[in-house]
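Inspection log for the structure reproduced underneath, given as structure tokens.
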Amino acid sequence: MTDGCRFRESAISRSVMCPRGAATSTCAVLPCSHPSAGAWHRGPCEDTVEFCLVIEGDVIRRARYYTDGCEFTWLCGRTVAQYVEGKTLPDALSVNARRVLDELPQLPAEHRHCAILSVLTFYKAIGQFWVDVARS
């Protein structure tokens, strides 16, 4: 439908490093081939998060993310991606910042906004998907 994933073909997404100690396969970084939806958002902390989704029918088959932010933004993006992948759109929309914070009790108070940034960006991707579907 749309290619809202601005980092999809960039050198940044091909050469990005995962946070220290994280396995590359768990980072689920872009690129995401043939995305159905995508969105990015830059938070007040200047971190950017991007989600690309492959949606088949009403199910999110693949959720990929990228951030140029801190390790806590990485953790929140990964948590959102893992939660929504394989879920129907209505079920995936039950993700919220509280759920992410509950999954990441080690998140310092000064980085709780990373959960909001990740969830907000995911919501934007779903919203863009529905706009594209309505226009087609």
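Structure data summary
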{"quantity": "Failed criterion for residue 8 (all others in (1) among the charged types (D, E, K, R); (2) touching a helix residue (DSSP H, G or I) at 6+ places or on another chain (Cβ under 8 Å); (3) modelled with pLDDT under 50 hold)", "calculated": "(2)"}
{"quantity": "Some residue of segment 78-93 being in a loop (DSSP other than H, G, I, E, B), aliphatic (A, V, I, L, M) and surrounded by 16 or more Cβ atoms within 10 Å (Cβ to Cβ)", "calculated": "no"}
{"quantity": "Residue that is modelled with the lowest pLDDT, among those in segment 25-53 that are out of contact with any strand residue (DSSP E or B) (no Cβ under 7 Å at 6 or more places or on another chain), of a type outside the set (D, E, K, R) and over 15 Å from residue 79 (Cα atoms)", "calculated": "31"}
{"quantity": "Residue in segment 94-136 that is surrounded by the most Cβ atoms within 10 Å (Cβ to Cβ), counting only those that are of a type in the set (Lys, Arg) and part of a helix (DSSP H, G or I)", "calculated": "124"}
{"quantity": "Sole exception among (1) in contact with a Pro (Cβ under 6 Å, 6 or more places away or on another chain); (2) under 20 Å from residue 132 (Cβ atoms); (3) not hydroxyl-bearing (Ser, Thr, Tyr) for residue 74, by number", "calculated": "(2)"}
{"quantity": "Some residue of segment 54-71 being in a helix (DSSP H, G or I) and modelled with pLDDT under 95", "calculated": "yes"}
{"quantity": "Close pairs (9 angstrom Cβ cut-off, 6 or more residues apart or separate chains): surrounded by 18 or more Cβ atoms within 10 Å (Cβ to Cβ) in segment 34-50, aromatic (Phe, Trp, Tyr) and in a loop (DSSP other than H, G, I, E, B) anywhere", "calculated": "40/7; 48/7; 50/7"}
{"quantity": "Residues (among the small types (Gly, Ala, Ser) and assigned to a strand (DSSP E or B)) located in segment 33-49", "calculated": "37, 38, 39"}
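The values are calculated or read from the model by the stated rules, or taken from the named source; none is laboratory data. Since this is a predicted model, take the numbers as computed values, not measurements. Glycine gets a Cβ as well: all are built from the backbone with ideal geometry, and neighbour counts include every protein chain shown.
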